[in-house]
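One structure is given below, encoded as structure tokens.
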Amino acid sequence: MAEKPLIKLINICKEYANEEVVTKVLFDINLELQKGEFVAIMGPSGSGKSTLMHIMGFLEKPTSGEYYYKGKKISDLTEDELAGIRNQEVGFIFQAFNLLQRTSVYDNVRLPLVYSDKNIGDEAVEKAIKSVGLYHRKDNLSNQLSGGEKQRVAIARSLVNQPEIIFADEPTGNLDSKSGKQIMEILQSLNEEGKTIVLVTHEKYTAEHARRIIKIIDGKIVDDFKVKHQLLAKNENDLTK
Amino acid sequence: MFKTFKKNFNLASEALWRHKLRAVLTVLGVTVGIAVVIVVLSAGQAIKDFITGQMTVFGTDWIEVEIKVPSTAHTSIENVGGLAQGISITTLKISDAEEIKKHPNIRDYYAGNVAQEVASYKEKNKITMLFGVSASFIDIDPGEIMQGRFYTEAEEKGLAKVAVLGSGIKETLFGDEDPINKSIRIGRQNFRVVGVMAEKGSAGFFSMDDVIFLPNVTMQKLILGIDHLTFIFAQPYDNSLARQTAEDITLIMRESHDITDPTKDDFIVMSSQEALELLDTVTGVITILLFAIALISLLVGGIGIMNVMYVSVSERTFEIGLRKALGAKYSDILNQFLTEAIIITIWGGVLGIALGVSLSFLISYVAINYYGFNWQFYLSLTYIALAAGMSIAAGLIAGLYPARQAASLDPMVALRKE
Ligand SMILES: Nc1ncnc2c1ncn2[C@@H]1O[C@H](COP(=O)(O)OP(=O)(O)OP(=O)(O)O)[C@@H](O)[C@H]1O
Ligand SMILES: [Mg+2]
């Protein structure tokens, strides 16, 4: 491939040292993601999926190994440069939603724009809220929402600054399959616009949207394969029903 | 520049609004701190003026000779207490005053005693301070006659039973009635009123307007039954030489009292100059003391702000983590928290200044109208600026540390603190 990979991980290891216990979470992860890919990361609970996502999403640093983003070594970047990338290029949907308490849906979704240099107006906030079907709740406080609604706010927030990559850590975990499918439809269309999507999921129906599936067990990549086009086609049929 | 300020201002206001109670309590802390500083500083100024007024009611160019218990310091408890307990020093005589008057720098003097008696006119009675002074008092003292005349030297020598009323006591005994040539009773004797003094303004606790002036000799012979004096007020020609003149007078006094050991002095000489200098040291000490109190209250206020800022940072670790995760830079977080501290201190400053000025006014109002003290209300811009400046500085310094801590948190570490 002539183009540099968007993300290249070389021998990434991650361990957490708490007082005396050292927990090893990721072992020698080697991975390349190209621009425009739609990847699903799957694996049992505790296998290190979220940790890998945080590292790729510039939220955490690996203990060892190198991370190249667009060909740049990210260990050479300053904190502020990383903050800039998180704001301008990345949309992160947290597994735990991470909404601001006592703050309206609208203000939660608008939060990334506060720190953005992009000239994105407030109409983008409404658009993002509409796209997750929460417009009627936009003035509610985040703590007054149901789990599924919170999840949708988190998704809207990840979209608002028009990122190039979206990291979605179990974005449909709290949704019924109908709303889950709606969310997958959004991600799918973003991918069709050329955005890179990295998704963590347990559910098969969501994974089926991806064109590549990476399986992690105990912090190691055990499988990494492209999905046949058939599946994709079948899914598109499903959605248009 | 303005845009970032506006952004920070909005962020900080939103955050404060989300934590209204805490914000209000912090503002309150700053308010009280600043109010205390203003009250303390204005009270200090008022106390200074109060004391100075007390001193200058007798004018600013005099040399006083006063009796003193030997072997004690003039201002000591032993002296004041000794005199109060009736250790009577009977050695100060009018002949001493005549000796002092021979000094080339002394123009004139008045001498006298004080006493307390019930003064009455018709049905009205009042325990009154009697000031038995020489007729020359009216030429030397800044006080002036408003009605009638002061008594004369001839009247004094002739033991005339005449009295001059202070403006306050005239009001008390006579109201609107003309007192001149009326007879008032002082103790068991009748005195004829010959004059009323002009109002002098109350100088502190002791008002010269509530005094009755009697000829010194009359008071000595007819009321006290003594022939000695309590004080001599001498007036120098050249006040700038007062210090030297006071030393000369000390020597004159020692010679006429046959004293060789200065510790056995039964008198004390003090010039108005020295008194004012002494006053300066006293007010200086008061100022330093008040300043220390003000500083401590500011310090306490500052620690309060720091505490609240610190709690607010640790309580909001998650929020900080989230903001950083969504792209907030170090400076964004730092500025947000600093702006919060500034908003709080500015509100506290405005309210504190309002509260402090109102309290100072109230204190002065109560002191003047209910206690009759000459307690001036001061609205000093310097003090207000000082209090506001210090509070903003305290707020910034107090806010800086937690703000920096917040800004350098790792996003994921902070997010896990939920
Ligand atoms: N801060 C931390 N300190 C110590 N251990 C941690 C920390 N964060 C994660 N771990 C551990 O790392 C392992 C992987 O965690 P991670 O959240 O990546 O799992 P996951 O694959 O996302 O699981 P799930 O499907 O349940 O979300 C777990 O065993 C977890 O306990
Ligand atoms: Mg996870």
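The values are calculated or read from the model by the stated rules, or taken from the named source; none is laboratory data. Keep in mind the model is a prediction, meaning the values are calculated, not measured. So basically every Cβ, Gly included, is an ideal-geometry build from the backbone, and we count neighbours across all protein chains shown.
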Scan segment A:116-125 residue by residue and report those that are in a helix (DSSP H, G or I) and either in contact (Cβ under 8 Å) with a residue 24 or more places away in the chain or within 12 Å of chain B (Cβ to nearest Cβ) (or both).
-> A:Ala124, A:Val125
For segment A:104-115, indicate whether the set of residues that are more than 14 Å from chain B (Cβ to nearest Cβ) and outside any loop (DSSP other than H, G, I, E, B) is non-empty.
-> yes
Residues of segment A:10-48 being part of a loop (DSSP other than H, G, I, E, B) and near ligand 1 (Cβ under 9 Å from one of its atoms), in sequence order, are A:Gly43, A:Pro44, A:Ser45, A:Gly46, A:Ser47, A:Gly48
Taking strands (runs of 3 or more DSSP E) that do not extend beyond segment B:104-200, which have at least 1 residues that are buried (at least 19 other Cβ atoms within 10 Å of the Cβ) and assigned by TED's automatic domain parsing to the domain that holds B:Ser240?
-> B:106-121, B:124-133, B:162-165, B:183-186, B:189-197
Please find, among A:Ile85, A:Ile7, A:Ile55, the residue that is at pLDDT 95 or above, of a type in the set (A, V, I, L, M, F, W, C) and over 30 Å from B:Arg316 (Cα atoms).
-> A:Ile7
Are any of the residues in segment A:141-151 under 28 Å from A:Ser116 (Cα atoms), in contact with a Pro (Cβ under 9 Å, 6 or more places away or on another chain), buried (at least 20 other Cβ atoms within 10 Å of the Cβ) and more than 14 Å from every other protein chain (Cβ to nearest Cβ)?
-> yes
Take the residues of segment A:49-63 that are assigned to a helix (DSSP H, G or I) and out of contact with any Gly (no Cβ under 6 Å at 6 or more places or on another chain): which is nearest to the other protein chains (Cβ to nearest Cβ)?
-> A:His54
Criterion: within 11 Å of another protein chain (Cβ to nearest Cβ), within 19 Å of the chain's Cα centre (by Cα) and without any contact (Cβ under 8 Å) to a residue 24 or more places away in the chain - qualifying residue of A:Ala96, A:Ala83 | A:Ala96
Go through segment A:61-96 residue by residue and tally those that are within 16 Å of ligand 1 (Cβ to nearest atom) and surrounded by 20 or more Cβ atoms within 10 Å (Cβ to Cβ).
-> 4
Looking at segment A:35-76, which of its residues are of a type in the set (Lys, Arg) and over 19 Å from A:Cys13 (Cβ atoms)?
-> A:Lys35, A:Lys70, A:Lys72
Quick one: B:Gln376 ticks every box in (1) more than 16 Å from ligand 1 (Cβ to nearest atom); (2) surrounded by fewer than 20 Cβ atoms within 10 Å (Cβ to Cβ); (3) in a helix (DSSP H, G or I) except a single one, so which number is it?
-> (3)
(1) touching a strand residue (DSSP E or B) at 6+ places or on another chain (Cβ under 8 Å); (2) of a type outside the set (A, V, I, L, M); (3) closer than 20 Å to B:Ala325 by Cβ: which one isn't true of A:Arg152, the others all being true?
-> (1)
Could you grab me the full set of residues in segment A:142-174 that are closer than 15 Å to A:Lys130 by Cα and within 16 Å of ligand 1 (Cβ to nearest atom)?
-> A:Gln151, A:Ala154
Among the listed residues A:Ala168, A:Ala154, A:Ala128, which satisfies the condition of being among the hydrophobic types (A, V, I, L, M, F, W, C), assigned to a helix (DSSP H, G or I), away from chain B (no Cβ under 13 Å) and over 19 Å from B:Arg18 (Cα atoms)?
-> A:Ala128
Does segment A:135-151 hold any residues that are outside any helix (DSSP H, G or I), of a type in the set (Ser, Thr, Tyr) and in contact (Cβ under 8 Å) with a residue 40 or more places away in the chain, and which are they?
-> none
